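Engineer: What follows is a structure written as structure tokens; I'll ask about it next.
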Amino acid sequence: MSDDDFGFALPAFKPDEALQRAKRDLRDLGLTEREGRFERSGTPVAKLAVDGATLKAAIVKRPSRNSPEWTEKTLRDSASVRDFVADLKRKLVSWSDRDD
């Protein structure tokens, strides 16, 4: 039995709605939104933007106020948005451990 035999299709990805949901999730992590970037203690750590039918997302490799180095991803479905938020959450914990 293939996945297509269930008789239904996944809902279409709506990048505008996914962006709003991701913004709420990032604020729940304690980040502050400023000009499309999300910051922790004034240091940019993530950014999100709608790009056609997808979301362009990026996480810094290491927090830096000067010139952060970004790792970019294209998010094409709700699962990838959830994975992006979960990955950022893990990194925030990791960066907090190093800061202590």
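Engineer: Among residues belonging to the stretch 22-61 that are among the hydroxyl-bearing types (Ser, Thr, Tyr) and over 17 Å from Thr74 (Cβ atoms), point out the one that is surrounded by the fewest Cβ atoms within 10 Å (Cβ to Cβ).
Structural biologist: Result: Ser41.
Engineer: Which of the numbered conditions does Glu72 fail, given that it passes all the others? Conditions: (1) surrounded by 14 or more Cβ atoms within 10 Å (Cβ to Cβ); (2) at pLDDT 90 or above; (3) under 25 Å from Ser96 (Cα atoms); (4) not hydroxyl-bearing (Ser, Thr, Tyr).
Structural biologist: If we test Glu72 against (1) surrounded by 14 or more Cβ atoms within 10 Å (Cβ to Cβ); (2) at pLDDT 90 or above; (3) under 25 Å from Ser96 (Cα atoms); (4) not hydroxyl-bearing (Ser, Thr, Tyr), just (1) comes out false.
Engineer: So how many residues does the stretch 52-77 have that are part of a loop (DSSP other than H, G, I, E, B) and not small (Gly, Ala, Ser)?
Structural biologist: Of the residues in that region, 9 qualify.
Engineer: Within the stretch 13-26, is there a residue that is of a type outside the set (Ser, Thr, Tyr), in a loop (DSSP other than H, G, I, E, B) and on the phi > 0 side of the Ramachandran plot? Lay out the reasoning, then the answer.
Structural biologist: Taking the stretch 13-26 and keeping what is of a type outside the set (Ser, Thr, Tyr), we get 13-26.
Still in the list and also in a loop (DSSP other than H, G, I, E, B): 13-14.
Keeping just the survivors that are on the phi > 0 side of the Ramachandran plot gives none.
No, because not a single residue in the stretch 13-26 is of a type outside the set (Ser, Thr, Tyr), in a loop (DSSP other than H, G, I, E, B) and on the phi > 0 side of the Ramachandran plot.
Engineer: So which residues in the stretch 56-100 are without any contact (Cβ under 8 Å) to a residue 12 or more places away in the chain and of a type in the set (Ser, Thr, Tyr)?
Structural biologist: Ser67, Ser80, Ser94, Ser96
Engineer: Taking only pairs six or more apart or across chains, which ones have beta-carbon atoms under 9 Å, a first residue in the stretch 21-32 that is touching a residue at least 12 places away in the same chain (Cβ under 8 Å) and more than 16 Å from Pro44 (Cα to Cα), and a second residue that is surrounded by 13 or more Cβ atoms within 10 Å (Cβ to Cβ) and hydroxyl-bearing (Ser, Thr, Tyr)?
Structural biologist: Arg21/Ser78
Engineer: While we're on this one: Test of understanding: among Arg21, Arg34, which residue is under 11 Å from the mean Cα position of the chain (by Cα) and of a type in the set (Lys, Arg)? Step through it out loud before you land on a result.
Structural biologist: Details: Arg34 fails: under 11 Å from the mean Cα position of the chain (by Cα).
Of the residues listed, the single one that is under 11 Å from the mean Cα position of the chain (by Cα) and of a type in the set (Lys, Arg) is Arg21.
Engineer: Within the stretch 78-100, which residues are of a type in the set (Ser, Thr, Tyr) and either over 17 Å from Leu19 (Cα atoms) or not in a helix (DSSP H, G or I) (or both)?
Structural biologist: Ser94, Ser96
Engineer: Now a separate question. Tell me the residue from Lys61, Lys14 that is at pLDDT below 95 and in contact with a strand residue (DSSP E or B) (Cβ under 8 Å, 6 or more places away or on another chain), please.
Structural biologist: Lys61
Engineer: Here's a follow-up. Can you tell me which residues in the stretch 48-58 are modelled with pLDDT of 95 or more and of a type outside the set (A, V, I, L, M)?
Structural biologist: Listed by number, the list holds a single entry, Lys56.
Engineer: I've got another one for you. Could you list, in sequence order, all residues of the stretch 81-100 that are exposed (fewer than 15 other Cβ atoms within 10 Å of the Cβ) and either charged (D, E, K, R) or modelled with pLDDT of 95 or more (or both)?
Structural biologist: Start the filter on the stretch 81-100 by keeping residues that are exposed (fewer than 15 other Cβ atoms within 10 Å of the Cβ), which leaves 83, 86, 89-90, 93-94, 96-100.
Within the stretch 81-100, Asp83, Ala86, Lys89, Arg90, Asp97, Arg98, Asp99, Asp100 qualify.
The values are calculated or read from the model by the stated rules, or taken from the named source; none is laboratory data. Keep in mind the model is a prediction, meaning the values are calculated, not measured. We place every Cβ from the backbone using ideal geometry, glycine too, and count neighbours over all the protein chains shown.
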